[in-house]
Amino acid sequence: VTIALHCDGANGATALNDLTGRSWSHLGGTNTIDTAVSKFGGASAGGAWQSTGWVSTGNSGVEIAAQDFSVSFWYVPDFAGGNSWTIYRGKLPSTLDWGVLMSGSGVTPSFIYNTGGVDYSVSFGVIKSGWAFYEWCRVGGTDYAFIDGDLVGSQTNYGAVRATPGASTYFCGADGNIQFANHVDDFLLTVGVGRHTTSYTPPTSPFPGA
């Protein structure tokens with residue numbers, strides 16, 4: 001497991017506890033821990049009106065490169081419209097390595113990655129109006145997308161993901177230009193393992209370590 005965020009804590013807290021021990025710093029925006037909205041644990045991360053969240057620097061292990069991976073989380077679009085970068089590595093828009101772009105209900109969610117200087121998108125299905133579980137996996141030469149455990153699409157991948165040396169990773173928006181509205185809970189990234197290739201039953205409780 002590379003990043004493991006339950007997004008729990010006191011209302012308005014800026015501390016983001018990563019069960020892997022990875023350090024996150026809050027960037028001063030209004031996206032914080034929010035106890036008014038949650039899927040599990042009584043809180044989630046996010047807030048109203050596009051704002052900034054957290055950054056993690058010195059991200060050894062977050063480079064996907066040619067490895068399999070899984071990225072999953074619960075998400076609710078409680079503020080309509082607006083691009084919401086749940087997480088991304090690099091600097092948008094010029095040096096994105098990879099990231100997850102969400103928005104309001106009815107919009108297609110996307111995992112976007114750069115290969116050879118070109119951005120490619122794994123984009124299938126539509127964002128639901130309430131809490132739903134979103135996951136993207138790479139296993140071998142194929143990228144997969146899931147919503148609430150249902151396989152909504154797959155495609156042949158375009159190659160190794162760019163791994164910019166020393167790039168930072170941002171959660172709930174953050175770099176001053178790219179921001180985030182809405183809420184996310186129970187975020188999990190595993191580099192080196194693609195967890196699913198077929199439909200499955202989505203989790204009914206927090207991932208282990210809650």
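Of everything in the range 109-153, what is without any contact (Cβ under 8 Å) to a residue 40 or more places away in the chain and not in a loop (DSSP other than H, G, I, E, B)? Give them in sequence order.
Across the range 109-153, the qualifying residues are 110, 112, 119, 120, 121, 122, 123, 143, 145, 147, 152, 153.
Quick test for you: out of 110, 121, 129, pick the one residue that is small (Gly, Ala, Ser) and buried (at least 17 other Cβ atoms within 10 Å of the Cβ). Spell out how you get there, then give the answer.
Working: 121 fails: buried (at least 17 other Cβ atoms within 10 Å of the Cβ); 129 fails: buried (at least 17 other Cβ atoms within 10 Å of the Cβ).
Exactly one residue qualifies, and that residue is 110.
When residues of the range 29-46 are filtered for being open to solvent by less than 50 Å² (accessible area, probe 1.4 Å) and either out of contact with any strand residue (DSSP E or B) (no Cβ under 9 Å at 6 or more places or on another chain) or among the small types (Gly, Ala, Ser) (or both), how many remain? Give the steps one after another, and end with the answer.
Going residue by residue through the range 29-46, those that are open to solvent by less than 50 Å² (accessible area, probe 1.4 Å) are 29, 31-34, 37-38, 40, 42-46.
Now narrow it down to the ones that are either out of contact with any strand residue (DSSP E or B) (no Cβ under 9 Å at 6 or more places or on another chain) or among the small types (Gly, Ala, Ser) (or both): 29, 38, 42-46.
Here the count works out to 7.
Return the only residue of 104, 99 being within 16 Å of residue 169 (Cβ to Cβ) and crowded, with 16+ Cβ neighbours inside 10 Å. Please lay out each step first, then the result.
Details: 104 fails: within 16 Å of residue 169 (Cβ to Cβ).
Checking each option against the conditions leaves just 99.
Working only within the range 1-41, note down all residues that are outside any loop (DSSP other than H, G, I, E, B), in contact (Cβ under 8 Å) with a residue 40 or more places away in the chain and among the β-branched types (Val, Ile, Thr).
If we filter the range 1-41 for residues that are outside any loop (DSSP other than H, G, I, E, B), which is where we start, we get 3-5, 18, 25-26, 32-34.
Checking the rest, the ones that are also in contact (Cβ under 8 Å) with a residue 40 or more places away in the chain come to 3-5, 34.
Of everything in the range 1-41, just one residue is outside any loop (DSSP other than H, G, I, E, B), in contact (Cβ under 8 Å) with a residue 40 or more places away in the chain and among the β-branched types (Val, Ile, Thr), namely 3.
What are the residues in the range 148-170 that are closer than 17 Å to residue 71 by Cα and open to solvent by 40 Å² or more (accessible area, probe 1.4 Å), if any?
Answer for the range 148-170, where residues must be closer than 17 Å to residue 71 by Cα and open to solvent by 40 Å² or more (accessible area, probe 1.4 Å): 150, 151, 152, 154, 155, 160, 162, 163.
Select from the range 1-28 the residues that are closer than 17 Å to residue 170 by Cβ and among the charged types (D, E, K, R) and write down the one among them that is surrounded by the fewest Cβ atoms within 10 Å (Cβ to Cβ).
18
With the condition kept exactly as written, say whether any residue in the range 190-197 is modelled with pLDDT of 95 or more, on the phi > 0 side of the Ramachandran plot and assigned to a strand (DSSP E or B).
No - not one qualifying residue is present in the range 190-197.
From the set of residues in the range 93-102 that are within 19 Å of residue 73 (Cβ to Cβ) and not charged (D, E, K, R), which is nearest to the chain's Cα centre (by Cα)? Outline the logic, then answer.
Step one: of the range 93-102, the residues within 19 Å of residue 73 (Cβ to Cβ) are 96-102.
Keeping just the survivors that are not charged (D, E, K, R) gives 96, 98-102.
Details: 96: 14, 98: 10, 99: 7, 100: 5, 101: 8, 102: 9 Å.
For the range 93-102, the residue satisfying everything is 100.
The values are calculated or read from the model by the stated rules, or taken from the named source; none is laboratory data. Fair warning: this is a prediction, and the values are worked out from it, not measured in the lab. All Cβ positions, glycine included, derive from the backbone under ideal geometry; neighbour counts span all protein chains shown. When the accessible area is computed, the model is the full protein with side chains, heavy atoms only, and any ligands, DNA or RNA have been set aside. Shrake-Rupley method; radii C 1.70, N 1.55, O 1.52, S 1.80 Å.
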